[in-house]
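Working notes, structure below.
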Amino acid sequence: MADCENNDVHLLSRIMCAEPVVGVAHLLGNLYAITEERSQVLVYTGHSPYDLINTIPVEGMIAVDIATSYAEVCVYVLDNGNGRVLRIDRTHKVNTFIHGLEHGRLLSMSVTSDGRIKIVQKNSRIVTYDKGGNVLGYRNVPIGSMLHAVEVAESALVACDETRIIVKIDGGNEVRTEGAIGCQYVDVTRTGDLIACDRSGHQVVMLSSETLQVIATLLTLDRDGIESPRHVRYVPENGLMLVSWMNFLDVYSFTQRATQGYLASPESDIRNQRIREANELGREITQSSAFLQLSKVPELDAIFRELQTQTQQLETPDTSAAVGKDNVFPNN
């Protein structure tokens with residue numbers, strides 16, 4: 001059983017998509033990802049080599065969140081374009097589970113262990129549905145711009161915005177406020193701790209659900225290269241942590257041995273990643289305005305012509321493992 005006791009995370013794979021990644025969920029060994037532009041759900045294998053194995057089209061969908069229901073063994077997608085919650089079963093069949101929501105006002109959702117769905121709407125309102133899709137209740141949370149909320153215990157709720165995290169009791173009384181970080185999204189680990197995306201701080205942190213104090217900084221821009229993380233998902237069945245940021249979906253594990261097992265990416269993918277990075281760096285250099293200005297200097301012209309030639313001659317990575325526009329960038 002995986003755990004988070006040492007608070008260290010290990011990158012298993014970095015999947016690059018054609019558009020910014022909104023979020024990801026895990027179900028029965030597969031990853032289900034949503035992006036900003038595509039009206040479809042991308043399905044990847046949840047282990048090496050993290051291939052794109054299916055795309056599920058949904059007409060008019062503007063997906064703003066995605067989550068797994070272990071009680072119903074399905075994935076839910078919050079569709080802000082059509083004002084509904086979609087249900088994807090284990091065979092990838094899609095149907096409308098909840099309809100009649102006010103499109104354009106849906107922000108995020110979370111699913112409890114017993115299958116209840118909590119939807120966060122604009123104006124800091126939470127609507128709760130039972131696992132059959134029936135409304136259980138409404139709650140207005142006194143936060144100016146709530147982005148996400150998740151249940152941490154039977155009587156406690158954690159809600160977050162970009163400047164603070166607040167724990168609410170069912171009666172509506174605020175019991176604790178944490179102002180140290182801004183929070184874009186939050187999830188709960190198997191042990192009950194919180195994992196939060198601090199988008200403006202370019203980091204992912206772990207917090208105590210009791211005190212709301214930061215107990216570990218899991219990812220940072222300088223150390224791990226993540227920028228403006230927007231969605232995090234903890235997978236209780238295997239201890240994976242899935243982080244969405246810009247056009248990337250990162251897969252992490254809290255156990256070192258996972259980097260050598262079936263979850264880890266092969267050496268050939270590591271080689272391809274380095275080639276892609278070198279190609280991209282070469283293109284950025286030769287297309288920059290500074291490069292173009294300096295290349296006009298006669299004394300430097302020969303040097304720059306050689307650099308351009310070297311960039312053009314960089315080896316093209318093997319694309320046999322890539323599918324469509326989406327590539328896997330594994331751990332170095």
**Every residue from segment 79-95 that is of a type in the set (S, T, N, Q) and surrounded by 15 or more Cβ atoms within 10 Å (Cβ to Cβ)** = Asn80, Asn82
**Message:** Within segment 192-237, take every residue that is in contact with a Gly (Cβ under 8 Å, 6 or more places away or on another chain) and at pLDDT below 95 and give me the one that is nearest to Ala153 (Cα to Cα).
**Reply:** Ser209
**Message:** Consider segment 93-109. How many of its residues are within 20 Å of the chain's Cα centre (by Cα) and without any contact (Cβ under 8 Å) to a residue 60 or more places away in the chain?
**Reply:** 3
**Complete:** Restricted to segment 41-55 and to residues being under 18 Å from Glu19 (Cα atoms) and at pLDDT below 95, the residue surrounded by the fewest Cβ atoms within 10 Å (Cβ to Cβ) is Asp51
**Fill in**
Within segment 31-40, restricting to residues that are more than 20 Å from Ser110 (Cβ to Cβ) and out of contact with any Cys (no Cβ under 9 Å at 6 or more places or on another chain), the one that is surrounded by the fewest Cβ atoms within 10 Å (Cβ to Cβ) is Glu37
**Asked** Given (1) without any contact (Cβ under 8 Å) to a residue 60 or more places away in the chain; (2) crowded, with 17+ Cβ neighbours inside 10 Å; (3) assigned to a strand (DSSP E or B), where does His26 come up short, assuming only one miss?
**Response** (1)
**Fill in**
The condition from (1) over 21 Å from Ile126 (Cα atoms); (2) surrounded by fewer than 18 Cβ atoms within 10 Å (Cβ to Cβ) that Val58 misses is numbered (2)
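Identify, please: which residue in segment 211-226 is closer than 15 Å to Arg164 by Cα and not hydrophobic (A, V, I, L, M, F, W, C) and is, among those, nearest to the chain's Cα centre (by Cα)?
Gln213
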**Fill in**
By residue number, the members of segment 116-162 that are of a type in the set (Asp, Glu), closer than 23 Å to Ala63 by Cα and not in a strand (DSSP E or B) are Asp130, Asp161, Glu162
**Request:** Write out, first by first residue and then by second, each pair whose Cβ atoms fall under 9 Å of each other, whose residues are 6+ apart or on separate chains, and whose first residue, in segment 191-206, is at positive phi and surrounded by fewer than 21 Cβ atoms within 10 Å (Cβ to Cβ) while the second is modelled with pLDDT of 90 or more and outside any loop (DSSP other than H, G, I, E, B).
**Result:** His202/Leu219; His202/Thr220; His202/Leu221; His202/Asp222; His202/Pro229; His202/Trp245
**Request:** Within segment 52-75, work out how many residues are assigned to a strand (DSSP E or B) and small (Gly, Ala, Ser).
**Result:** 3
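The values are calculated or read from the model by the stated rules, or taken from the named source; none is laboratory data. All of these numbers come straight from a predicted model, not from anything done at the bench. Positions of Cβ are generated from backbone atoms using ideal geometry, with glycine treated the same way; all protein chains shown enter the neighbour counts.
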